[in-house]
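Here is the structure we will look at.
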Amino acid sequence: MVDPQSFLDLVVATARQKHAAAKARQNPNPTAEKPRDAIFDALHMVGKAIADQGFSFVPSGPKFSRRSGDFTFAIYIQSDRNNAAGQRAAIWVHVMVNSKSLNAWRKKQPSDWIRPKSSFPAPVFGSQLGYLCAPFGWVEWDFVDSTKRRSVADDLIASLRRGAFPLFAAFEGEPEDIAAIANQSLRWPEGILGYLLSIGRASLANEVLQAYLNEQPEVWRDFKRHCSQFLENGIPAYGSVPTDDARSLAAFAVATGLSVNDS
């Protein structure tokens, strides 16, 4: 797998890439392959390899998508804004799971903490592909070199099979399999909690929330404080206060009636 980047490495690399892209735009090479063409060439390779998993390529995304019962599994492709013809044709890959049940349930809820105002439905789960693989971290794939494009595409295919496909398989299992995903170092577990509530598994959602907080003492402490405030004074309007992990999770819990033991 392509080596993941730490946050510091990402910041340094981005600054370097931004500078290189600016120079390339000042002196463009008219004969160089455009980043979009290089990327789509590689994505067609990826598409052929994962077609047996039922994924279809949607060029307008661009993304690969597959429906499975209540769920839609999507692999979104984001091009780096610092791409430059002949120099860089990099992408970031994001994995999303959407649910019809969750979307329908959210529309019936009065609180914006459950149904935040947005132009698109919030997923049950979302992550950069690099965080689903080991070693985990932010990962990009650069297809600018046509002589190495096949091997880079193969690396992306392998990462999808190693990281994204086991995740999708878990969502095609039992609710308990989906619940287990929430304890895999998620930053925002509200999507999975909401899904469990949408299918009538409130007790399982409570168990998931309890286990999540037990693993994160700092979030647990602030979560309890915010819950007490919201129960006494009401939940603040969505967007009126900073939405840190503990605060947003506490607002979600109070709005949905989830509860945990004070241990």
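The values are calculated or read from the model by the stated rules, or taken from the named source; none is laboratory data. Not measured: the values here are computed from a predicted model. A quick note on method: Cβ atoms are made from the backbone with ideal geometry, for glycine too, and the neighbour counts reach across all protein chains shown.
Kindly indicate whether D155 is assigned by TED's automatic domain parsing to the domain that holds N98 and in contact with a helix residue (DSSP H, G or I) (Cβ under 8 Å, 6 or more places away or on another chain). Judged against the criteria, D155 is not a match. Residue pairs whose Cβ atoms lie under 6 Å apart, sitting 6 or more positions apart in sequence or on different chains, and linking a residue in the stretch 150-169 that is among the aliphatic types (A, V, I, L, M) to a partner that is buried (at least 20 other Cβ atoms within 10 Å of the Cβ) and at pLDDT 95 or above, are V152/W141; V152/F143; A153/A42; A153/V46; L156/V46; L156/W141; I157/V46; A164/V95. Restricting the stretch 167-190 to residues that are out of contact with any helix residue (DSSP H, G or I) (no Cβ under 8 Å at 6 or more places or on another chain) and modelled with pLDDT of 90 or more leaves a set whose member that is surrounded by the most Cβ atoms within 10 Å (Cβ to Cβ) is F168.
Of the helices (runs of 4 or more DSSP H) lying entirely inside the stretch 150-253, those containing at least 2 residues that are over 19 Å from A74 (Cα atoms), out of contact with any Ser or Thr (no Cβ under 8 Å at 6 or more places or on another chain) and of a type outside the set (G, A, S) span 175-181, 202-214, 217-233. Among the residues examined, V144 qualifies as within 30 Å of A42 (Cα to Cα), in contact (Cβ under 8 Å) with a residue 12 or more places away in the chain and not in a strand (DSSP E or B). Take D37 and tell me if it is of a type outside the set (V, I, T), outside any strand (DSSP E or B), assigned by TED's automatic domain parsing to the domain that holds R161 and modelled with pLDDT under 95. It is false that D37 is of a type outside the set (V, I, T), outside any strand (DSSP E or B), assigned by TED's automatic domain parsing to the domain that holds R161 and modelled with pLDDT under 95.
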